[in-house]
Ligand SMILES: Nc1ncnc2c1ncn2[C@@H]1O[C@H](COP(=O)(O)OP(=O)(O)O)[C@@H](O)[C@H]1O
Ligand SMILES: [Mg+2]
């Protein structure tokens with residue numbers, strides 16, 4: 001007869017063990033609130049949002065139009081300041097930074113892919129990609145620049161201006177521009193929103209590769225459950241609040257939550 005093994009002593013988990021170690025957190029927001037307008041016209045764009053974005057993860061932010069997704073991206077990327085709450089990039093709480101330090105942090109640590117691309121029309125693809133570094137007075141790491149350009153498949157198009165590029169190519173320039181300074185974290189606001197599915201898939205593979213091959217951290221707003229399925233995690237916003245979350249999402253699980261949210265929205269409307 002075998003003696004049952006003595007159970008290992010089980011210590012109650014220390015509270016700290018339940019928190020992600022600071023080094024693993026690329027960005028964090030705590031109790032974020034942001035309103036626009038006043039009086040009758042006041043809009044609560046973010047209403048007490050707390051969220052941790054782990055290093056080396058690809059996160060999707062989803063939610064109905066007007067739920068606060070872009071506002072959240074802008075706050076996280078230090079493009080705008082919240083009314084209340086904290087935004088941490090790595091170990092830095094950006095509310096305490098002055099404008100100069102904030103500009104520096106944005107330049108060094110954060111990449112942003114805008115919903116509207118924001119390329120400079122008079123510059124070539126190459127110049128647009130290198131623009132953040134030029135502004136910072138930094139030279140690109142040639143190997144990394146080559147890696148980014150090849151990954152986005154823009155080698156043949158580097159000399160072209162935005163109006164000489166397809167929508168997919170323009171968006172890939174915008175992604176390359178966000179990646180080229182090797183930021184700690186990249187925010188992308190509907191980067192595939194205006195693309196056909198093939199170009200969209202290229203951009204998604206590119207973002208996925210930035211995470212898998214280069215350990216970057218990417219946060220992407222999307223309306224597309226297929227795009228969300230490229231991510232490690234999906235965070236759902238409604239009316240400026242985090243209402244749900246999914247890990248290792250697949251298209252059907254995302255769709256199910258989207259449907260549930262739409263039903264709930266209609267029921268409360
Ligand atoms: N600059 C602004 N001025 C006034 N209202 C704004 C402004 N930006 C966003 N809003 C409002 O805040 C809410 C959230 O907007 P946004 O973050 O853009 O949502 P989403 O990206 O999810 O569509 C919306 O009701 C929007 O109309
Ligand atoms: Mg938006």
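The values are calculated or read from the model by the stated rules, or taken from the named source; none is laboratory data. Here the structure is a predicted model, which means the values were calculated and not measured. Counting neighbours? That spans all protein chains shown, and the Cβs are built from the backbone with ideal geometry, glycine included.
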Complete set of residues in the range 192-223 that are within 16 Å of ligand 2 (Cβ to nearest atom) and under 15 Å from the mean Cα position of the chain (by Cα): 192, 193, 219, 220, 221, 222, 223
Residue 39 being farther than 26 Å from residue 170 by Cα, out of contact with any helix residue (DSSP H, G or I) (no Cβ under 9 Å at 6 or more places or on another chain) and modelled with pLDDT under 90: yes
For the range 50-79, which residues satisfy the criterion of being part of a strand (DSSP E or B) and either more than 11 Å from ligand 1 (Cβ to nearest atom) or closer than 15 Å to residue 112 by Cα (or both)? 50, 51, 52, 53, 54, 58, 59, 60, 61
Among the candidates 72, 51, single out the residue that is buried (at least 17 other Cβ atoms within 10 Å of the Cβ), within 18 Å of the chain's Cα centre (by Cα), within 16 Å of ligand 2 (Cβ to nearest atom) and in contact (Cβ under 8 Å) with a residue 40 or more places away in the chain. 72
Select, from 139, 177, 172, the only residue that is surrounded by fewer than 16 Cβ atoms within 10 Å (Cβ to Cβ) and either assigned to a loop (DSSP other than H, G, I, E, B) or within 23 Å of the chain's Cα centre (by Cα) (or both). 139
Can you confirm whether the range 104-113 contains a residue that is under 17 Å from residue 193 (Cβ atoms), within 13 Å of ligand 2 (Cβ to nearest atom) and surrounded by fewer than 18 Cβ atoms within 10 Å (Cβ to Cβ)? no
